[in-house]
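Working notes, beginning with the structure itself.
The values are calculated or read from the model by the stated rules, or taken from the named source; none is laboratory data. Owing to the predicted nature of the structure, the values given are computational and were not obtained by experimental measurement. Every residue, glycine among them, receives a Cβ derived from its backbone with ideal geometry; neighbour counts consider all protein chains shown.
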Amino acid sequence: MLSFVAYYRDFAYVARDKLTHVLKCHVFRCDTPAKNIATSLHDICSKIMAQRKSSSRLNTDPSRLRDIPFQEFPAPKNELVQRFQVRYLGRVPVTKPAGVDVINVALENALNGKDKEDWTPVTVNVASATLTILNSETEEVLSECRVRFLSFMGVGKDVHTFAFIMAEGPGDFICHMFWCDPNAASLSEAVQAACMLRYQKCLDARPPSSGSSCLPGPPADSVARRVGSSVKKGVQSLLGSFKRSGSQTP
């Protein structure tokens with residue numbers, strides 16, 4: 001039995017080892033969309049199963065035939081992805097993993113540093129595991145961010161602006177910035193939902209602690225532990241921005 005899953009450029013399959021009979025998961029990062037590999041593998045496996053079924057019918061004694069429901073090979077599962085057409089203001093290193101003041105300074109510098117015509121049109125794909133930024137014209141992947149390493153998100157002073165901070169290493173934080181029309185509400189809500197879903201998955205994956213019904217938090221050095229509070233602060237900033245600028249929003 002072979003099972004597999006594909007998401008953007010990540011591909012994985014689970015198969016039983018012939019020698020040890022132990023199930024093993026093989027994971028790959030692909031240079032091309034993994035969905036193509038998953039679709040081809042699905043077609044090949046379907047043909048093999050159909051051939052086996054046909055061969056079994058020819059070689060089986062009719063008197064010993066039984067009605068056994070045929071189970072088709074499962075189709076590859078694709079994670080739900082939300083897509084947003086926005087403009088990319090760029091990415092800059094920042095000194096802190098969180099803070100409204102941090103993203104406001106980064107956004108202000110980005111807005112003052114380039115003309116609007118120079119902002120890159122991009123598609124932001126938001127999934128529970130990954131935030132992918134692609135050039136809208138060339139479909140080149142400009143950045144692929146793991147949600148588990150997102151440390152802060154928020155809307156800037158202008159309700160069209162949105163930014164999030166990624167922890168790329170110890171003391172290494174990158175701020176990604178966007179301009180959204182008519183405002184940043186939809187994108188910020190999608191990123192918030194992805195963060196909360198990822199955080200919940202981290203909690204669900206931890207074994208129950210003995211003698212307590214409460215699930216322990218992630219390790220102290222884990223960025224995931226800060227996602228809940230950071231996202232909450234970011235959303236509060238978002239709501240505050242819209243309340244202050246409600247009359248100016250198109």
Members of the stretch 17-62 found to be at pLDDT 75 or above and in contact with a Leu (Cβ under 9 Å, 6 or more places away or on another chain), listed by number: Leu41, Cys45
Top-ranked residue of the stretch 113-131 - restricted to ones that are among the hydroxyl-bearing types (Ser, Thr, Tyr) and in a strand (DSSP E or B), ranked as nearest to the chain's Cα centre (by Cα): Thr130
Any hit, the stretch 190-209, residues being at pLDDT 90 or above and among the charged types (D, E, K, R): no
Test result for Thr95, touching a helix residue (DSSP H, G or I) at 6+ places or on another chain (Cβ under 8 Å), over 24 Å from Ala193 (Cα atoms) and outside the structural domain of Asp31 (by TED's automatic domain parsing): yes
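The rows are residues; the columns are (1) surrounded by 18 or more Cβ atoms within 10 Å (Cβ to Cβ); (2) farther than 16 Å from Thr130 by Cβ; (3) acidic (Asp, Glu).
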| residue | (1), (2), (3) |
| --- | --- |
| Lys157 | no, yes, no |
| Asp172 | no, yes, yes |
| Cys180 | yes, yes, no |
| Asn183 | yes, yes, no |
| Ser188 | yes, yes, no |
Conditions (1) surrounded by fewer than 11 Cβ atoms within 10 Å (Cβ to Cβ); (2) modelled with pLDDT of 75 or more; (3) outside any helix (DSSP H, G or I): number failed by Val14: (1)
All positions within the stretch 127-168 that are among the polar types (S, T, N, Q) and touching a residue at least 12 places away in the same chain (Cβ under 8 Å): Ser128, Thr130, Thr132, Asn135, Ser136, Ser143, Ser151, Thr161
Pick from the stretch 26-39, criterion of a type outside the set (D, E, K, R) and loosely packed, with under 11 Cβ neighbours inside 10 Å, ranking: farthest from Thr130 (Cα to Cα): His26
Test: residue in the stretch 68-78 that is at pLDDT below 75, touching a helix residue (DSSP H, G or I) at 6+ places or on another chain (Cβ under 6 Å), under 30 Å from Thr132 (Cα atoms) and surrounded by 13 or more Cβ atoms within 10 Å (Cβ to Cβ): yes
Selected residue (only one of Thr138, Thr123, Thr130 is surrounded by 20 or more Cβ atoms within 10 Å (Cβ to Cβ) and of a type in the set (Val, Ile, Thr)): Thr130
